[in-house]
Amino acid sequence: MSETIAARDHDKPRFILPDNTFAIFQLKAGDDYHHLRFSSLKELNKQSARFRARIHDEVVKLYDMVFLDKSEVEKHLEADGFHVIPTDEVDKAVVQDEFLQRSHFIIGNGDRCCWVEGCDTRSLDNPVHFENYDRVYTGSIPSEKMGDPEAFLENIFAQFNTTYAEGYTGRSVSVSDVIALRMNEKAACYFVEPFGFQEIPDFLPENHLKNAEISVEDDYDMIDGIINNGEKRSIREELSEYHNMIEAYSHPFPTIEKKDHSDLEH
């Protein structure tokens with residue numbers, strides 16, 4: 001069905017998906033990957049909501065607690081059942097659930113002490129993350145298939161469950177896999193569901209398509225997978241959007257009032 005462009009390839013976390021090609025992504029093997037394998041997008045979204053609620057409850061629980069340093073915070077989180085991921089950032093404690101979804105506790109630092117002052121759970125808005133996947137195959141899309149993405153997805157599913165393709169070393173395509181298509185200079189990614197496929201936004205890391213577009217796009221605000229897809233906006237429109245964005249993100253995560261630690265011994 002398709003000519004092999006590249007076989008299994010893990011060398012770089014980023015790549016440019018050429019026009020008229022597709023790529024298959026499958027979960028990286030690991031101790032926890034089986035929790036994600038065969039989970040529908042609906043199930044993953046429910047798990048995200050549960051994990052978000054658990055993190056917010058923990059923030060409330062830690063409201064009055066003061067710690068010597070970040071490592072003490074992490075030990076406390078582990079004692080409460082969280083899986084902590086090591087990080088060098090002094091103002092964040094990173095936790096991960098059994099579905100490989102990560103979120104951050106925000107750490108405030110004072111004089112010889114620190115405390116949890118909030119959390120950032122925005123990463124849970126999209127439960128399918130590129131970092132958890134390997135690209136296992138890339139191939140070309142025949143010209144006769146360009147007009148019907150859904151039919152081509154069905155073809156990929158059928159082929160990579162029966163005859164496969166030369167050079168393919170991945171598992172049979174199944175639930176939780178992601179298929180990226182770039183047809184006629186427009187890219188889209190699809191999550192393989194128990195029945196059918198669901199388009200998922202923001203799967204590919206930011207800037208995957210920008211390098212290809214920036215050289216020919218006349219408006220950097222229109223870097224979206226379609227070359228030269230609109231006139232450059234006016235300064236007034238750009239300023240209005242900028243102010244709206246600042247307003248929307250002025251409080252990106254729940255916060256708790258900073259505590260008064262003046263009574264602590266120095």
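Computed quantities for the displayed model
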read-out	value
Loop sites in the stretch 115-191: chymotrypsin sites (Phe, Trp or Tyr not before Pro), DSSP, at most 15 other Cβ within 10 Å	164
Solvent-accessible surface (1.4 angstrom probe) belonging to residue 162, in square angstrom, nearest 10	90 Å²
Binned Cα-Cα distance frequencies in the stretch 71-185 - 10 Å width, integer %	11, 31, 20, 17, 15, 6, 1
Added length on full extension, which subtracts the Cα-Cα distance from 0.36 nm per residue, residue 140 to residue 49	29.0 nm
Peptides ranked, highest mean first, by Cβ atoms within 10 Å: ranges 195-201, 55-61	55-61, 195-201
Where trypsin sites (Lys or Arg not before Pro) fall in DSSP loop in the stretch 96-169, at most 12 other Cβ within 10 Å	112
At most 14 other Cβ within 10 Å, DSSP loop - GluC sites (Glu not before Pro), the stretch 93-144	98
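The values are calculated or read from the model by the stated rules, or taken from the named source; none is laboratory data. For clarity, every value in this text was computed on a predicted model and none was experimentally measured. As a convention, Cβ positions derive from the backbone with ideal geometry for all residues, glycine included, and neighbour counts pool all protein chains shown. In case anyone asks, the SASA skips ligands and DNA or RNA and just uses the protein heavy atoms, side chains included. Shrake-Rupley method; radii C 1.70, N 1.55, O 1.52, S 1.80 Å.
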